[in-house]
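What follows is a short report on a single structure.
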Amino acid sequence: WINEIGRLAIGILSGVILLGFAHRLQKEYKTFSSILVSGAIVVFYFTIAIGFKQYHTFSQTVAFILMVIITIFSVLISILYDRKELGILSLIGAFAVPLMVSNGAGNYIFLFTYLLIIDIGFLIVSLNRKWLIVNILSFVFTHIFLFYWIISQPLNSVNSIHLLVFASLFYLTYYIVNII
């Protein structure tokens, strides 16, 4: 009875309602409010992913942009609420975005550029808020993506050079953070 657009609207509305409750409870029940915000963010991610993968309501580009907006929103909420748990959820969501909107084309330059941008962003957040776990998780997730790509792709002269450049940029990013 409810078409795909209606189902997606229900998903978004559910996330908004969860956010509303979380905001009302934020001052009195910080932990519970953080759990509600986490639930809302997860609902947003999955709603967009289902809209892209199952219903084909969104193109890959639109789904990616919407998920990046959700990630930015979740990072801002984690800073506003000053909750490390929300920062970790934001990080997990940011690293899950390429998996949720992948169509199997394997554009590794775009993937590694995206990873470098979110690494720098989350490292700035982790330094400003003193959330060391965010720095560590960012490092681990980045290297999981990097090692998986190395294992799964045949290396040739072109992508070997790209891999060297990106691996060097990742190394430099984390080296600078550790110096700071």
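The values are calculated or read from the model by the stated rules, or taken from the named source; none is laboratory data. Source: prediction; values computed, not measured. Because the Cβ atoms are built from the backbone with ideal geometry, glycine has one as well, and the counts that use them run over all protein chains shown. Protein only, heavy atoms only, side chains kept; ligands, DNA and RNA dropped before computing areas. Shrake-Rupley method; radii C 1.70, N 1.55, O 1.52, S 1.80 Å.
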Item to complete: Filter the stretch 36-71 for residues that are under 21 Å from I124 (Cα atoms) and loosely packed, with under 14 Cβ neighbours inside 10 Å and give the result.
Response: I69
Fill in: Index of the failed condition, F95 passing every other in (1) at pLDDT 90 or above; (2) open to solvent by 60 Å² or more (accessible area, probe 1.4 Å)
(2)
Fill in: Pairs where the first residue, in the stretch 6-18, is closer than 9 Å to A40 by Cα and the second is surrounded by 15 or more Cβ atoms within 10 Å (Cβ to Cβ) and among the acidic types (D, E), C-beta under 8 Å, 6+ apart
none
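For residues in the stretch 106-130 being in a loop (DSSP other than H, G, I, E, B) and either at pLDDT 90 or above or closer than 19 Å to F166 by Cα (or both), which is most open to solvent (accessible area, probe 1.4 Å)? Break it down stepwise before answering.
Step one: filter the stretch 106-130 for residues in a loop (DSSP other than H, G, I, E, B), giving 106-107, 130.
When the remaining residues are screened for being either at pLDDT 90 or above or closer than 19 Å to F166 by Cα (or both), the result is 106-107.
On the way: G106: 59, N107: 98 Å².
Checked the stretch 106-130; the qualifying residue most open to solvent (accessible area, probe 1.4 Å) is N107.
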Fill in: Cβ-Cβ under 8 Å pairs, at least 6 apart or on other chains, the stretch 159-180 side more than 25 Å from N128 (Cβ to Cβ), far side modelled with pLDDT under 95 and open to solvent by 80 Å² or more (accessible area, probe 1.4 Å)
L163/L155
Worksheet, complete the sentence: Subset of the stretch 141-160, residues exposed (fewer than 10 other Cβ atoms within 10 Å of the Cβ) and either assigned to a helix (DSSP H, G or I) or within 23 Å of the chain's Cα centre (by Cα) (or both), comes to I151, S152, S157, V158
